[in-house]
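The values are calculated or read from the model by the stated rules, or taken from the named source; none is laboratory data. Bear in mind that the values here come from a model prediction, so they are computed numbers and not experimental data. No Cβ is skipped: glycine too gets one built from the backbone with ideal geometry, and neighbour counts run over all protein chains shown. Ligands, DNA and RNA are excluded from the accessible area calculation, which covers all protein heavy atoms including side chains. Shrake-Rupley method; radii C 1.70, N 1.55, O 1.52, S 1.80 Å.
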Amino acid sequence: MARSALLNVMVQAALKAGKSLSRDFGEVQNLQVSVKGPGDFVSQADFKAQKIIHDELLKARPTYGFLGEESEEIKGTDGAHRWIVDPLDGTTNFLHGIPMFSVSIALERNGEIVGAVVFNPATDELYTAERGGGAFLNDRRLRVASRRVLSDCVIGCGVPHLGRGNHGKFLVELRHVMGEVAGIRRVGSAALDLAYVAAGRFDGFWEVGLSPWDMAAGILLVREAGGFVSDFNGGTDMLGTSSIICGNEHIQKALAEVIKRPIPTK
Ligand code: IPD
Ligand code: CA
Ligand code: CA
Ligand code: CA
């Protein structure tokens, strides 16, 4: 697997941030935590990881824009390129000592995602993709699962948290999907959910209410592993609509149909 120089910069940034997260994960009870809103936390670990990534990426490409969860967007002088970064995806898991969290770094060129890195430091799993070059887990090339029938499938989802999202609508989606599939999982890191779809661990995934940094890298991983990705309207404006449904060609379509079913009137 040959990585471009730019992807290597992203990998190095993710690994360095991952080291910092691993250290903080070992002493999670001592971390300073603040509350952004109901059920929405951020810690020193998030801020430290973002600074590491920001400094590494901007050192390599000072003119690119930078959109990271924990700071205001920085517009670059190079209008074509932008980094989209979640320094710690799965903060709630992290703060509860659950080793399912990730660093997510995407590179956008003229509005298209062309590079992706998702790294889980707790399992040492490094997912990478470049547009047209395939998706990888460490050195292994990835392919989405090939199951064609929903009743054989394990599907990942996001669950809206306290104070955010339409809980009633989600429960209807869940009820509809639950009635069709073999199993449903909630990992707690959207970037990892998408990486799991790319790796064929999940047959599909859906979530609404995501931010660009939660899914930009994961979208490219799924596509480069041969998967299909759409927003809730059937288009491809996932970042603009905050919604995503994905899987292989068959499962993505079938899942989208089930999720679209109307809310029962009684
Ligand atoms: C969250 C995770 C979670 C998703 C939430 C996100 P954060 O990101 O991706 O899986 O359900 O909507 O906000 O806040 O832990 O980076
Ligand atoms: Ca957050
Ligand atoms: Ca996130
Ligand atoms: Ca985050």
Filtering the range 238-253 down to residues that are over 23 Å from Val117 (Cβ atoms) and out of contact with any Gly (no Cβ under 9 Å at 6 or more places or on another chain) yields His250
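Out of the residues in the range 208-228 that are part of a helix (DSSP H, G or I) and within 14 Å of ligand 4 (Cβ to nearest atom), state the one that is farthest from Leu137 (Cα to Cα).
Restricting attention to the range 208-228, the residues satisfying the condition of being part of a helix (DSSP H, G or I) are 212-224.
Adding the requirement that they be within 14 Å of ligand 4 (Cβ to nearest atom) leaves 212-218.
Numbers: Pro212: 22, Trp213: 20, Asp214: 19, Met215: 17, Ala216: 17, Ala217: 13, Gly218: 12 Å.
Here the residue is Pro212.
Could you tell me whether Leu171 is aliphatic (A, V, I, L, M), within 16 Å of ligand 1 (Cβ to nearest atom), open to solvent by less than 10 Å² (accessible area, probe 1.4 Å) and not in a loop (DSSP other than H, G, I, E, B)?
So Leu171 does not fit the description; no.
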| message | Tell me yes or no: at least one residue of the range 177-186 is over 21 Å from Lys48 (Cα atoms), within 16 Å of ligand 3 (Cβ to nearest atom) and not assigned by TED's automatic domain parsing to the domain that holds Ala49. | response | yes
Going through the range 174-196 in order, the residues found to be open to solvent by less than 20 Å² (accessible area, probe 1.4 Å) and within 16 Å of ligand 4 (Cβ to nearest atom) are Val187, Ser189, Ala190, Ala191, Leu192, Asp193, Leu194, Ala195
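Just a yes or no: is a residue in the range 184-191 of a type in the set (D, E, K, R), at pLDDT below 95 and away from ligand 2 (no atom under 16 Å from the Cβ)?
First, pick out the residues of the range 184-191 that are of a type in the set (D, E, K, R): 185-186.
Now narrow it down to the ones that are at pLDDT below 95: none.
No, the range 184-191 contains no residue that is of a type in the set (D, E, K, R), at pLDDT below 95 and away from ligand 2 (no atom under 16 Å from the Cβ).
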task = Could you tell me whether the range 62-72 includes any residue that is more than 11 Å from ligand 1 (Cβ to nearest atom), at pLDDT below 95 and open to solvent by 30 Å² or more (accessible area, probe 1.4 Å)?
result = no
Residues in the range 197-215 that are crowded, with 21+ Cβ neighbours inside 10 Å and more than 12 Å from ligand 1 (Cβ to nearest atom) total 6
Expected output for the range 97-120 (first residue in the same structural domain as Gln29 (by TED's automatic domain parsing), partner open to solvent by 60 Å² or more (accessible area, probe 1.4 Å), Cβ below 6 Å, 6+ apart or cross-chain) is Val114/Arg131
- request: Determine, yes or no, whether Ile84 is part of a strand (DSSP E or B), in contact with a helix residue (DSSP H, G or I) (Cβ under 9 Å, 6 or more places away or on another chain) and in contact (Cβ under 8 Å) with a residue 40 or more places away in the chain.
  value: yes
A careful count of residues in the range 221-257 that are of a type in the set (Val, Ile, Thr) and within 13 Å of the chain's Cα centre (by Cα) gives 4
Quick count over the range 56-81, residues being more than 16 Å from ligand 3 (Cβ to nearest atom) and in a loop (DSSP other than H, G, I, E, B), is 11
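If you go through the range 3-25 one residue at a time, do you hit one that is assigned to a loop (DSSP other than H, G, I, E, B) and of a type in the set (S, T, N, Q)? Talk me through it step by step, then tell me what you get.
Just the residues of the range 3-25 that are assigned to a loop (DSSP other than H, G, I, E, B), to begin with: 3-4.
Retained after the next criterion (residues that are of a type in the set (S, T, N, Q)): 4.
Within the range 3-25, one or more residues are assigned to a loop (DSSP other than H, G, I, E, B) and of a type in the set (S, T, N, Q).
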Going through the range 101-121 in order, the residues found to be in a loop (DSSP other than H, G, I, E, B) and buried (at least 17 other Cβ atoms within 10 Å of the Cβ) are Phe101, Pro121
**Message:** Quick check on the range 17-40. Is at least one of its residues surrounded by 14 or more Cβ atoms within 10 Å (Cβ to Cβ), farther than 21 Å from Tyr127 by Cα and small (Gly, Ala, Ser)?
**Reply:** no
